Amino acid sequence: MVSKKDFYVVGIGASAGGLEAIETFFTKVPADSGLAFVIVQHLSPDYKSLMPEILNKRTNLNVLTAEDGMLVEPNNIYLIPRKMNMKIFHSKLQLTEKVTINVLNLPIDIFLHSLAEDFEDKAIAVILSGTGSDGSRGIRVIKENGGIIFAQDPDSAKFDGMPKSAVTTGTVDFILPPQEIPEKIISYVKHPFIQAKDKYSDLTSVPDDYMAKINLLLKENFGLDFTYYKESTISRRIERRLSINQIDNLKDYITYLFSSKNEQKTLYNELLIGVTKFFRDTEAFQIVEKEIIPAIFASKTATDEIRVWVTACSTGEEAYSIAILFKEYMLANELENEIKIFATDVDRNATEYAGQGIYSASIMADVSPERLKRFFTPMGDSFRITEEIRAMLVFANHNLIKDPPFNKIDFLSCRNLLIYFQTALQQKVLSFFNFALSKTGYLFLGSSETIGEMEHFYETVNLKWKFFKSKRSGKLPIETLVPKFPSGLLHTSPVRKPVYTLKTSVADMASIFADKILEDNAPETVIVNENYEIINSFGDPNKYLVFPRTKSITEGFEYVVTKMVPSNLKLTFSIAINKALKTLQEVVHHNVKYQKNEKETYIVDLRFVPLQHNDLNDKFVIIYFIQKPELTGIPAEVKTFEEIDTQAQQRIFDLENELKHTKENLQASIEELETTNEELQSTNEELISSNEELQSTNEELQSVNEELYTVNTEFQVKNHDLMVANNDMENLLQNSEVSIVFLDIDLKIRKFTENTTEIFNLKKSDIGRPILDLTHHIKDTYLLPKVQRVLKNHEVISKTVQVKDKWFRMKVLPYLTQKGYLDGVVLSFIDITEFFQVQTELKISEEKFRLLFEFLPVGITISDSSGKIISSNKAAEELLGLGKAEQLKRSIDGSEWQIIRKDGTLLPSEEYASVRAIKEQRQIHNVQMGIVKANEEVTWIVVNAVPTNIEGFELAISYLNITELVQIEQELQETTLLYRSLFQNMNRGFALHQMVYNETGNAVDYKFIDINETFEAILGMKREVVVGKTVKQLIPNIEAQWIEKYAKVANNGGSIVFEQASEALGKRFKVNAYSPQKGQFATLFEEIE
């Protein structure tokens, strides 16, 4: 299943010095960026990388070491494992073992190439510190597929080789320090054009005038018209520029574009971006090598020239690749044909770069060691193409759309250019190619390109790799027949053979005047180059020159002046042209009899004038044919052809003698030089062999150096971490309240905490001494058997020991390494003195509780949450009349219990205090009930039930025997009934009172507590009205003497008898008063006359 690619993948390439840059980079990456990061480093195959540990301390992202088939997901970091190369396909990482024998390995290029193909415009490349040029090839493919590229600012890199190499490719979008790259990446992917692709992707629908403005601006500034390029291609490039420049709409971008020369150049270069490499598409170049080239040579003689045209050559890798294949074939078959390869591109910077023939060391991944050795010369970190290959090529600026094509081409390569053209322009270019190709010429297109409607002009040779053969049935379109040479040819290569044209053009007034002046005054004129080829003419050259007959226009108009003049003047023209070019002086032959044919004879002056100009790298000669007036007779000064011929013959004789002498001297020199050359050749071969070995060794050392630098950097980071950990350990040992002693496998002291000295007699100088040589203060403990047991069984021993007046929990543990190997023993002592004291006190407390529980006269039972009785004391056994074993068989709500109320009725189990306590989860107090024992005897008890939160101990029930109290209560009730009967039926009034005092303690009133029926009659009030009221409330005008007398009794105790009249009641009474307790008094009233 192919995963949906709805996120961006950032491929990070780094080598020497890259660790610091990677750390800095990820400190600025948020945990929710939505990006996936894949780090490809040059790792040593012999050392484990510490990168996962290091990065985990610097970022909150998940850090994973890549595994084969691992799915790449956002917000994760994936690290390449050592000894592996890594690719990505369908969002999954694919690992292959690295080939290390005699092969340059470029893991960053390998991954970036696969990333570009898998994620296309969602691929982001970041090139960080490192030596060499790894990554420079991969970023070209990223750029071709619409991705974005970042390079570390070389000034901020510890090693600037990789960043500089990336920058020189011209494909890098941003050059920034590592800490600034994450923010720029996130702002790019969050740009509206990226976030809302559906809204902004169809840039072809923008107003035509906007697109026209951009095309016109680029044409005016760079001379290239993009009107007929595919609008989708231009739109994608413009979309990239909007996103990179953080501009939200096309209108604002056009304003910015018109104001920024740098942006104009950048956009122009983006539209021209060409991705190429040596022998790109190996299978296709094998067809060129094994099928196409042999077929071309099969159709040629040993002296025929072979012409090749590589269009859109970019920086020249493909052109040189083809040249190498032709050279290899000629060497293998001992052929010496002249090979002329025209490599053209519209980008002048690209052709200038190609012309230098210098490439970075990354080409080692594309060029076999044999070819690298044979056709390249090492130059530090670069390689230069050899002169024998460079001499086969002519690099020139050429615009396929408007410049005329070359002709008689045997092999024409145009790969991955037509895909950027609209259909009409594709057909026009293909018609140019058909015109340019010879009768047996081959056309080589990109794998995604076709010949479209031009099938009748081409024969298919290989459909997969797009090889075609010309049928020569097409003609050059008339609009292409213009007298214009490819721009730059005059500066960078020998002049092409001229092509006469049928062009008519509209000239300005100045050119009209110039043409008229020349027409009236100038004789017939031709211009020739060093090869006697006519490159231009004025007037009617047909008057003097005989043009060769051609079968068709497609064969071209190629003319040599010495082949177009009378045969007896050919040598004269040749000598005169050579002399003019050599001496740079005019050569004139006067009164030459010029017989074109039997009917046409003229007397002419021939002027050969050398032509030089600062803008011309080549030499030319202007030949003027100045016709003399017709003569009735031939004057003496007129030179005959025979005279001129005689002079020439003498000159030739002299030159032949001189040449013979020179040859003899030359032969002697050659023989001497051959001997010397053989010696030098032998020495040279030895030097080349030594140089190759040194170069190979240097490359290996450089690779090892990078790996060692990476390992060293990681070790430095790890060393820093270890120093921090060591400092932490030292502080722990110095400040820990736990006493620790570390012993090695021989029981010698490694480390110990400072507070260990109160247990062992230790000092710092004792490190390294056996522990058994030292004394300790541990009572009744022999350490050796315990330590030996731990070493033997890897077990942990724990024991409580006493040291002087303190108690410690001693542990003897095995000392294990990170890999789990036993490497010693650890003794730890935790001070538990307070804990030990508390534990001792707790044991005493538990014992007291047990004694109290067992011997307390109050019965106690314990039950769990289900009500099952789990424990009871002896008092409970006596009260319940059940032994402990019998109780443990019961639950608190069992039917075996017979519980009664005070009235003798049976109490249901749901009303038991214990059952209510569990059900209601609250304390139930002072519930009285009777327990009917097996002998029918009833024991009365007060029950208290308390629920707890202790597991297995959820309910505590106490029983207090109140049988005697119940009996007393019953007797008291009987006495009370008797008292109440006497109280109510006695014939004297009885009342119980409570004195009422003021703030100073003086009695001021008294309250009625109880009265009998006789007293009700005396007062004339019912008991319910009187009880609780004071006498002043009932009898406001009561005499004070009553209160005073009663106060003496209530305060002092005793009793009194007195008679007293009450005016308020209108009666006289005999009163007996006594005090049952302080503050109270009782009275007996008897009414008297």
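The values are calculated or read from the model by the stated rules, or taken from the named source; none is laboratory data. These figures come from a predicted structure and were not determined experimentally. Here Cβ is always computed from backbone atoms with ideal geometry, including for glycine, and neighbour counts include all displayed protein chains.
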Report summary line: Being among the hydrophobic types (A, V, I, L, M, F, W, C) and either part of a loop (DSSP other than H, G, I, E, B) or in contact with a Cys (Cβ under 7 Å, 6 or more places away or on another chain) (or both) narrows 813, 762, 791 down to just 762
**Report entry** Top-ranked residue in the range 1059-1074 [being modelled with pLDDT under 90 and not charged (D, E, K, R); ranked as surrounded by the fewest Cβ atoms within 10 Å (Cβ to Cβ)]
**Finding:** 1066
Query raised in the report: So which residues in the range 410-431 are surrounded by 23 or more Cβ atoms within 10 Å (Cβ to Cβ) and over 44 Å from the mean Cα position of the chain (by Cα), if there are any at all?
Result: 410, 411, 430
Query raised in the report: Looking at (1) under 22 Å from residue 190 (Cβ atoms); (2) out of contact with any Ser or Thr (no Cβ under 7 Å at 6 or more places or on another chain), can you tell me which one residue 149 breaks?
Result: (2)
Query raised in the report: Looking at residue 147, is it crowded, with 21+ Cβ neighbours inside 10 Å, at pLDDT below 90 and over 16 Å from the mean Cα position of the chain (by Cα)?
Result: no
Query raised in the report: How about the range 303-324: which of its residues are part of a strand (DSSP E or B) and within 15 Å of residue 444 (Cα to Cα)?
Result: 307, 308, 309, 310
Report summary line: Being in contact with a Gly (Cβ under 9 Å, 6 or more places away or on another chain), assigned by TED's automatic domain parsing to the domain that holds residue 867 and over 20 Å from residue 969 (Cβ atoms) narrows 918, 924, 900 down to just 918
Requested in this report: Would you kindly identify the strands (runs of 3 or more DSSP E) lying entirely within the range 360-424 that contain at least 3 residues that are of a type in the set (S, T, N, Q) and modelled with pLDDT of 90 or more?
Outcome: none
Query raised in the report: Where in the range 941-1037 are there helices (runs of 4 or more DSSP H), lying fully within it, with 1 or more residues that are charged (D, E, K, R) and outside the structural domain of residue 1065 (by TED's automatic domain parsing)?
Result: 963-985
Query - First in the range 721-735 and surrounded by 10 or more Cβ atoms within 10 Å (Cβ to Cβ), second anywhere and modelled with pLDDT of 70 or more and not in a helix (DSSP H, G or I), Cβ under 6 Å, 6 or more apart - result: 733/753
Query - Flag if residue 811 is under 18 Å from residue 737 (Cα atoms), surrounded by 13 or more Cβ atoms within 10 Å (Cβ to Cβ) and in contact with a helix residue (DSSP H, G or I) (Cβ under 7 Å, 6 or more places away or on another chain) - result: no
Query - Which numbered condition residue 982 misses (of (1) closer than 18 Å to residue 1081 by Cβ; (2) loosely packed, with under 15 Cβ neighbours inside 10 Å) - result: (1)
Report task. Kindly provide the set of residues from the range 68-96 that are surrounded by 13 or more Cβ atoms within 10 Å (Cβ to Cβ) and assigned to a loop (DSSP other than H, G, I, E, B), ordered by number. Result -> 70, 72, 73, 74, 75, 80, 81, 82, 83, 91
**Report entry** Candidate set: the range 775-786, residues that are in a loop (DSSP other than H, G, I, E, B), in contact (Cβ under 8 Å) with a residue 24 or more places away in the chain and not hydroxyl-bearing (Ser, Thr, Tyr); chosen: the one surrounded by the fewest Cβ atoms within 10 Å (Cβ to Cβ)
**Finding:** 779
Report task. Test residue 381 against the criterion of being under 30 Å from residue 131 (Cβ atoms), in contact with a helix residue (DSSP H, G or I) (Cβ under 8 Å, 6 or more places away or on another chain) and surrounded by fewer than 18 Cβ atoms within 10 Å (Cβ to Cβ), and give yes or no. Result -> yes
Query raised in the report: Wholly within the range 825-932, which strands (runs of 3 or more DSSP E) include no fewer than the required count, namely at least 1 residues that are exposed (fewer than 12 other Cβ atoms within 10 Å of the Cβ) and modelled with pLDDT of 80 or more?
Result: 924-932
Query - Members of the range 230-284 found to be in a helix (DSSP H, G or I), modelled with pLDDT of 80 or more and among the small types (Gly, Ala, Ser), listed by number - result: 259, 284
